[in-house]
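Here is the structure we will look at.
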Amino acid sequence: MRLAEEAGLDLVEVAPDAKPPVAKLMDYGKYKYEAAQKARDARRNQANTQLKEIRFRLKIDDHDFGVKKGHVERFLQQGDKVKVMIMFRGREQSRPEAGVRLLQRLAEEVGELAIVESMPRQDGRNMTMVLAPTKRKADAMSEQRKRRQAEREERRTKRTERAARDQARQAASTEQA
């Protein structure tokens with residue numbers, strides 16, 4: 001305790017059950033701060049996957065299919081699962097194989113981003129299929145964070161280059177006058 005007082009540090013008991021008990025000289029405030037930083041970083045990197053839902057109709061146009069496929073791709077790239085649902089109306093219910101074909105087409109087109117977690121199955125008037133991303137949510141978030149940082153850096157460099165050009169132009173115009 002005398003050594004801790006002389007050094008201006010705290011005497012912290014690390015392993016009280018050991019024989020003899022283990023104590024360490026450290027700055028306890030700094031230790032608590034670093035532990036809080038680690039906990040905050042762990043919370044930031046922890047990712048909870050959401051289940052996003054997108055609905056189709058059986059008689060969907062090619063362009064509309066492409067737009068909805070784009071939404072599915074965006075959800076998968078963000079690391080979320082996607083529940084794809086086809087809603088049947090009236091006589092469409094008698095043709096579930098058309099719904100299966102549509103869902104399989106979607107699964108093939110987004111095959112590099114996802115795997116089929118649950119195969120298409122009929123639930124009353126709806127047919128559903130769940131797609132799971134191949135990339136983990138935490139990886140997708142860190143990749144997105146890096147991409148945003150790179151974009152910010154690029155905008156900053158363009159801004160500084162533009163400011164330097166404007167200064168040079170202004171200096172040249174004052175010399176001519």
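The values are calculated or read from the model by the stated rules, or taken from the named source; none is laboratory data. Everything numeric here is computed off the predicted structure, so don't read it as measured data. As a convention, Cβ positions derive from the backbone with ideal geometry for all residues, glycine included, and neighbour counts pool all protein chains shown.
Can you find even one residue in the range 50-68 that is within 17 Å of T134 (Cα to Cα), of a type in the set (G, A, S) and either in a helix (DSSP H, G or I) or modelled with pLDDT under 90 (or both)? Looking through the range 50-68, none of the residues is within 17 Å of T134 (Cα to Cα), of a type in the set (G, A, S) and either in a helix (DSSP H, G or I) or modelled with pLDDT under 90 (or both). Only a single criterion out of (1) within 16 Å of T49 (Cα to Cα); (2) assigned to a helix (DSSP H, G or I) is not satisfied by K158, namely (1).
Modelled with pLDDT of 90 or more, over 30 Å from D10 (Cβ atoms), within 19 Å of the chain's Cα centre (by Cα) and outside any helix (DSSP H, G or I): is that true of K135 in this structure? Lay out the reasoning, then the answer.
Values: modelled with pLDDT of 90 or more: no; over 30 Å from D10 (Cβ atoms): yes; within 19 Å of the chain's Cα centre (by Cα): yes; outside any helix (DSSP H, G or I): yes.
Here the answer is no, as K135 does not meet what is asked.
Sub-6 Å Cβ pairs linking a first residue in the range 68-85 that is closer than 18 Å to R145 by Cα to a second residue that is part of a helix (DSSP H, G or I), at least 6 apart or interchain, are Q78/A140; G79/K137; G79/A140, ordered by first then second residue.
Residue-wise test of (1) among the β-branched types (V, I, T); (2) in contact with a His (Cβ under 6 Å, 6 or more places away or on another chain); (3) surrounded by 13 or more Cβ atoms within 10 Å (Cβ to Cβ).
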residue	(1), (2), (3)
K52	no, no, yes
R57	no, no, yes
D61	no, no, no
F65	no, no, yes
K69	no, no, yes
E73	no, no, yes
L76	no, no, yes
D80	no, no, yes
V84	yes, no, yes
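Quick one: how many residues across the range 29-50 are among the hydroxyl-bearing types (S, T, Y), surrounded by 12 or more Cβ atoms within 10 Å (Cβ to Cβ) and free of Cβ contacts under 8 Å to residues at least 24 places away in the same chain? Full working, then the answer.
We begin by selecting, within the range 29-50, every residue among the hydroxyl-bearing types (S, T, Y); these are 31, 33, 49.
Keeping just the survivors that are surrounded by 12 or more Cβ atoms within 10 Å (Cβ to Cβ) gives 31, 49.
Right, trim to free of Cβ contacts under 8 Å to residues at least 24 places away in the same chain and you get 31.
Counting residues in the range 29-50 that are among the hydroxyl-bearing types (S, T, Y), surrounded by 12 or more Cβ atoms within 10 Å (Cβ to Cβ) and free of Cβ contacts under 8 Å to residues at least 24 places away in the same chain gives 1.
Here Y33 passes the criteria (1) of a type in the set (S, T, Y); (2) in contact with a helix residue (DSSP H, G or I) (Cβ under 8 Å, 6 or more places away or on another chain); (3) part of a helix (DSSP H, G or I) except the one numbered (2). Looking only at residues in the range 88-111 that are surrounded by 15 or more Cβ atoms within 10 Å (Cβ to Cβ) and not in a helix (DSSP H, G or I), which one is farthest from the chain's Cα centre (by Cα)? Among those residues, the one meeting the criterion is F88.
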